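Take a look at the structure below.
The values are calculated or read from the model by the stated rules, or taken from the named source; none is laboratory data. In this text, all values refer to a predicted model and were calculated from it rather than measured experimentally. Neighbour counts are summed over all protein chains in view; Cβ atoms, including those assigned to glycine, are modelled from backbone coordinates with ideal geometry. For accessibility, only protein heavy atoms count, side chains too; no ligands or nucleic acids. Shrake-Rupley method; radii C 1.70, N 1.55, O 1.52, S 1.80 Å.
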Amino acid sequence: MHAVPATRQPVLDLRDVVVRAGPRELLAVPRWTVGAGEHWAVLGHNGAGKSTLLSLAGAQRHPTEGTVDVLGSRLGRVDMRVLRERIGAVSTTERMPGELTVADVVLTGVGATVQPRPELYRPEHRRRVAELVEQLGLTQVAAQSPAICSAGERARTRLARALVADPALVLLDEPAAGLDIGGRELLLSALDDLAQSHPDVTTVLVTHHLEELPMSTTHALLLADGGVVAAGPAHDVLTSATVSAAYGLPLRVSFDGRWAVRAQVAA
């Protein structure tokens with residue numbers, strides 16, 4: 001597991017965490033520590049515990065056992081609504097009101113709600129919206145409804161919305177789901193640009209597909225059946241052996257600037 005320098009507070013720190021739903025154990029993580037500026041990928045099969053882990057990191061639920069510290073605050077000892085305002089979240093399931101423009105949707109990220117909260121918006125927020133719209137290639141659609149945007153434009157709108165309040169932690173739940181190749185590549189390029197322009201921002205990206213990992217990925221966590229298969233620097237974790245163990249299939253992982261995986265073919 002990656003060791004965070006003692007002088008820097010971890011962005012995420014899970015210790016002896018167990019999450020249950022009734023008698024069913026959804027997740028068990030002995031220790032997971034995420035440092036500032038790291039970019040984690042979380043992978044695993046359906047039902048492996050990825051969404052449960054993300055709900056803890058996003059201050060959406062409490063653990064059944066153990067402790068979860070997010071941005072220096074322990075869940076159960078902090079107002080989670082206030083804590084969520086310091087976390088950027090990207091989810092393809094989140095509704096974007098069709099009556100708003102793309103720029104307006106981005107601005108709602110200031111209040112961590114999809115409904116506009118004009119009382120919160122300051123001139124610097126609107127300037128930040130303009131910057132993000134330009135950086136993420138949304139200038140041409142900024143004044144139109146997200147309902148008539150392409151899937152790729154909507155994905156980048158969600159990313160801009162997550163970044164508008166300058167969060168220290170950004171959580172991405174399958175952000176490339178449903179995108180074509182062009183849309184995926186534009187989104188991954190935007191994530192790589194974020195890593196360069198904001199080196200202290202920490203990201204956690206949940207995905208099923210190694211091909212959807214940006215080049216800026218520094219660490220990886222593999223889950224299977226609610227437990228940790230491996231965690232640490234990406235090149236140590238994303239190997240044929242560990243990915244095969246996580247998915248229960250003989251898989252071959254390759255890396256040529258980006259990760260890829262395919263089934264092992266018997267000779």
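Note on the range 30-51: residues that are under 11 Å from L222 (Cα atoms) and either among the basic types (K, R) or surrounded by 22 or more Cβ atoms within 10 Å (Cβ to Cβ) (or both) amount to 8. Restricted to the range 145-165, and to residues there that are farther than 13 Å from E131 by Cα and polar (S, T, N, Q), the residue that is nearest to the chain's Cα centre (by Cα) is S150.
Of the numbered criteria (1) open to solvent by 40 Å² or more (accessible area, probe 1.4 Å); (2) within 17 Å of the chain's Cα centre (by Cα), the one R117 fails is (2).
For the range 120-130, the set of residues classified as assigned to a loop (DSSP other than H, G, I, E, B) and either surrounded by fewer than 14 Cβ atoms within 10 Å (Cβ to Cβ) or among the hydrophobic types (A, V, I, L, M, F, W, C) (or both) consists of R122 only. No other residue among L163, L213, L194 is crowded, with 16+ Cβ neighbours inside 10 Å, at pLDDT 95 or above and not β-branched (V, I, T) apart from L213. In this structure, is D225 among the charged types (D, E, K, R), touching a residue at least 24 places away in the same chain (Cβ under 8 Å) and closer than 30 Å to G72 by Cβ? The answer is no for D225. If you check S150, S145 for being small (G, A, S), farther than 26 Å from Q9 by Cβ, open to solvent by 40 Å² or more (accessible area, probe 1.4 Å) and modelled with pLDDT of 90 or more, only one passes: S150. Those strands (runs of 3 or more DSSP E) of the range 18-109 in which at least 3 residues are at pLDDT 95 or above and closer than 25 Å to L213 by Cβ, considering only elements entirely within it, cover 24-34, 39-44.
Summed over the range 79-102, residues that are among the hydrophobic types (A, V, I, L, M, F, W, C), farther than 15 Å from A59 by Cβ and open to solvent by 30 Å² or more (accessible area, probe 1.4 Å) total 1.
Please tell me if D192 is part of a helix (DSSP H, G or I) and more than 20 Å from the chain's Cα centre (by Cα). Criteria not met by D192.
Answer yes or no as to whether S55 is in contact with a strand residue (DSSP E or B) (Cβ under 7 Å, 6 or more places away or on another chain) and either among the hydroxyl-bearing types (S, T, Y) or closer than 23 Å to A160 by Cα (or both). Here the answer is no, as S55 does not meet what is asked. Listed conditions (1) in contact with a strand residue (DSSP E or B) (Cβ under 7 Å, 6 or more places away or on another chain); (2) of a type outside the set (K, R); (3) open to solvent by less than 20 Å² (accessible area, probe 1.4 Å); (4) closer than 16 Å to V110 by Cα are all met by V133, apart from (1). Of all residues in the range 245-264, those that are surrounded by 15 or more Cβ atoms within 10 Å (Cβ to Cβ) have Cβ atoms under 9 Å from Cβ atoms of residues that are among the hydroxyl-bearing types (S, T, Y) and assigned to a strand (DSSP E or B), 6 or more apart or on another chain, in V261/S254. Quick check, is E65 under 26 Å from L191 (Cβ atoms) and among the acidic types (D, E)? It is false that E65 is under 26 Å from L191 (Cβ atoms) and among the acidic types (D, E).
Pull out all pairs, ordered by first then second residue, where Cβ-Cβ is under 7 Å, the residues are six or more apart or on different chains, the first lies in the range 32-43 and is closer than 18 Å to V243 by Cα, and the second is open to solvent by less than 10 Å² (accessible area, probe 1.4 Å) and part of a loop (DSSP other than H, G, I, E, B). Short answer, once both residue conditions are applied: A41/T207; A41/L213; L43/T207.
Every condition in (1) out of contact with any Asp or Glu (no Cβ under 7 Å at 6 or more places or on another chain); (2) under 26 Å from C149 (Cα atoms) holds for R31 except the one numbered (2).
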